[in-house]
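Remarks on the structure that follows.
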Amino acid sequence: MCAEYTTFGLAPAMRAGGVLTDGGYQVHRDFVDFIVDGRPLLFRLSDLDAVSPLASDVPPAIFTAQVRSLLLESAAPLPGGRYVVYGCPECEDLACGAVTAVIRRDGEDFIWRDFAWQTDEHADLDLNGYHGIGPFRFRGAEYRAALSALLDGSAPDTRRRVLLIGARVAVLARLAAALRTIGVGADIAHDTDAVPADELRGYDAVVFGRGVGERERAAVRDAFERARVPVAFVDGLAPIVPLLVAQIERALDRGPVERRRLTGLTAQRGTADVDVSSACRVTLTAYRLDRFARAHIHELLDQVLEPGRHRIALDGKAVRGQSFLVARTSGSVLVTAVTH
C-alpha cells in the first residue's frame, strides 16, 4: 500500500521520427505522457522506446476509449486488473512488449502499482517487474480532472505539418517523402505569396533550403506573423535528408527543457559534449559533405548514458570539413554543426 500521495498530470510528448542509417524509418508519434511528481513517468524507464496509449494520431473513438479505461470506467484489458501504460510506437501488438501496471481505486484515490514488462497476457513480476517504480497514489479529483480534460477537447491537437521552401526541388521532394513516411505532413512551395492565413495556420514549422535568400525568408516570416501563426523556422544545414529530418524533429519538439532527456549538444576540437537529464539510450551520428557535395554518414555512439555531461571523442575522418552531429533518444533530437 502506498501511504503518500503523488501528483498526477499530463503533458504533450513525442516519439521522434527519423531516417535511419540502415535506410529504414522511425515513425514520428505524438502522444500525451503521464507526469508523476513533476517528471514524465517514461523517464524512469531508461532504455525504452515507447508511447502511452494516449496517442493523438489514433481515431477519436479509440482515444476516448483509452481515457475512459484509465478512469476505470471499463474493464481492464489484461488479466489481474492490468492496463497498458506504455506500448510499441510502431504498432499495438502486445507481443512487441509493453509496460503494464495494476490500476485500481482506493476510496476516492487511484493507485498504480506492480509495474512490469509484458509480452503476453500474463505478467511475471518476479522476472519482469519494475521493482523500483511505484506504487503511486493519486488524489482522485486531480487524476480525474487531468484525464477528463482530454475528453472535453481542451488538450491541444499535436498532429504535425511542415512547409518546405527552397530551390532544389529534388531534395525537397525526397525530404517531403521521408517526412510523410515517418508520419509528418509536408508541403512544398517557392514562397507564401497570396497564401490565405487559414492555410498558414495548418503548419507547425517552415524549413528553408540553403538556396533561399534572406529577402525571401523575411517575406515568409512576415506572412506568418501577419497571420499570427507561431511556427518554428528551420534553416536547413545541408541537403542531406536524414539531417534535415532531424532538424525538423528538433523544431517540432515544443516541450520544456526540464521534460527532455537530451538537453545539450556541442561539438568542437575533435570532441562532442552531450548533456542528458535522465538515463537513456543515446545515438550520435555524424553527417558530412565532401568537396564534391556528396553526403557521408558515420555512426559514432549507441549506448545508455547516465544523467550529466558526457564528453565523446570524435573520429577525425567522420567530422572533417563541413560536418554535423545528430544526437537522438526515443523522444528527443539535437543537431549541431561541428566547429573546427
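Using a 1.4 Å probe, what is the accessible area per residue for segment 258-339, in Å²? The partial results should precede the final answer.
Working: 4110 Å² over 82 residues.
With the other protein chains kept in place, segment 258-339 gives 50 Å² per residue.
In degrees between 0 and 90, to the nearest 10, how far off the longest principal axis of the chain does helix 214-226 point, with axes built from Cα atoms?
Around 40 degrees separate the two axes.
Could you please state how large a percent of the accessible area of segment 258-339 is carbon and sulfur, counting protein chains only and using a 1.4 Å probe?
Numbers: 1860 of 4110 Å².
Ligands and nucleic acids excluded, carbon and sulfur give 45 percent.
How long is the chain along each principal axis, judged by its Cα atoms, biggest number first, in Å?
Sorted from largest, the Cα extents of the chain read 66, 49, 32 Å.
Among Thr329, Thr283, Thr21, whose mean-square fluctuation peaks in a Gaussian network model of the chain (Cα, cutoff 10 Å)?
Thr21
In whole Å, what is the distance between the alpha-carbon centres of segment 179-222 and segment 46-106?
Going from one Cα centre to the other spans 36 Å.
Lys and Arg at +1, Asp and Glu at -1: add these up for the other residues within a Cβ distance under 9 Å of Asp109 and post the number.
Details: positive: Arg105, Arg137, Arg139; negative: Asp106, Glu108.
Net charge in that neighbourhood comes out at +1.
Once you place label points 7 Å from the Cα toward the Cβ at Thr21 and His296, how far apart are they in nm?
Going by the 7 Å Cα→Cβ label model, 1.4 nm.
Between helix 241-252 and the chain, what is the angle of the helix's C-alpha long axis to the longest principal axis, kept within 0 to 90° and rounded to the nearest 10?
With rounding to tens, the tilt is 50 degrees.
Sort 36-45, 118-127, 229-238 by packing, meaning the average of other beta carbons within 10 Å per residue, with the highest value first.
On the way: 36-45: 18.9, 118-127: 13.0, 229-238: 16.8.
Final packing ranking: 36-45, 229-238, 118-127.
If packing is taken as the mean number of other Cβ atoms within 10 Å per residue, what is the order of 188-197, 272-281, highest first? Before the final figure, lay out the partial values.
On the way: 188-197: 12.5, 272-281: 19.1.
For the peptides 188-197, 272-281, the packing ranking is 272-281, 188-197.
Considering the chain as a Gaussian network with a 10 Å cut-off on Cα pairs, which listed residue, Arg217, Arg294, Arg254, attains the greatest mean-square fluctuation?
In this elastic network of the chain, the residue with the biggest mean-square fluctuation among Arg217, Arg294, Arg254 is Arg294.
Counting heavy atoms of the protein chains only and a 1.4 Å probe, report the per residue accessible area for segment 8-152 as a whole number of Å². Show your work: numbers first, answer last.
Working: 6300 Å² over 145 residues.
Per residue, segment 8-152 has an accessible area of 43 Å².
Given points 7 Å out from each Cα along the Cα-Cβ axis, report the Arg105 to Ala76 separation in nanometres with one decimal.
Once both label points are built, they end up 1.6 nm from each other.
How much net charge surrounds Asp37 when only other residues with a Cβ under 11 Å from its Cβ are counted (Lys, Arg +1; Asp, Glu -1)? Walk me through the numbers on the way to the answer.
Values: positive: Arg39, Arg44; negative: Glu4.
Counting the neighbours of Asp37, the net charge comes to +1.
Looking only at Glu249, Glu199, Glu306, which one moves most when the chain is put into a Gaussian network model with springs between Cα atoms under 10 Å?
Between Glu249, Glu199, Glu306, it is Glu199 that shows the largest mean-square fluctuation.
In segment 255-300, how does Rg compare with the Kirkwood Rh, expressed as the Rg/Rh ratio over alpha carbon atoms?
Numbers: Rg = 13.8 Å, Rh = 12.7 Å.
We get a ratio of 1.09 for segment 255-300.
How many times 2.2 N^0.38 Å is the alpha carbon radius of gyration of segment 8-152? Don't jump to the answer; show the numbers that get you there.
Values: Rg = 15.0 Å, N = 145, 2.2 N^0.38 = 14.6 Å.
In units of the globular-protein estimate, segment 8-152 measures up at 1.03.
Over the chain, what is the relative contact order in percent, taking alpha-carbon pairs closer than 8 angstrom and at least six residues apart?
On the way: 725 pairs, mean separation 51.5, N = 340.
This gives 15 percent for the chain.
Charges on Cβ only, +1 for Lys and Arg, -1 for Asp and Glu, centred on the Cα centroid of the chain; of Pro256, Phe136, Phe110, which one is farthest towards the dipole's positive end?
Pro256
The values are calculated or read from the model by the stated rules, or taken from the named source; none is laboratory data. These numbers were taken from a predicted model, which means no experiment stands behind them. Ideal geometry is used to build each Cβ from the backbone, glycine not excepted, and the neighbour counts take in all protein chains shown. SASA here: full protein model, heavy atoms, side chains in, ligands and nucleic acids out. Shrake-Rupley method; radii C 1.70, N 1.55, O 1.52, S 1.80 Å.
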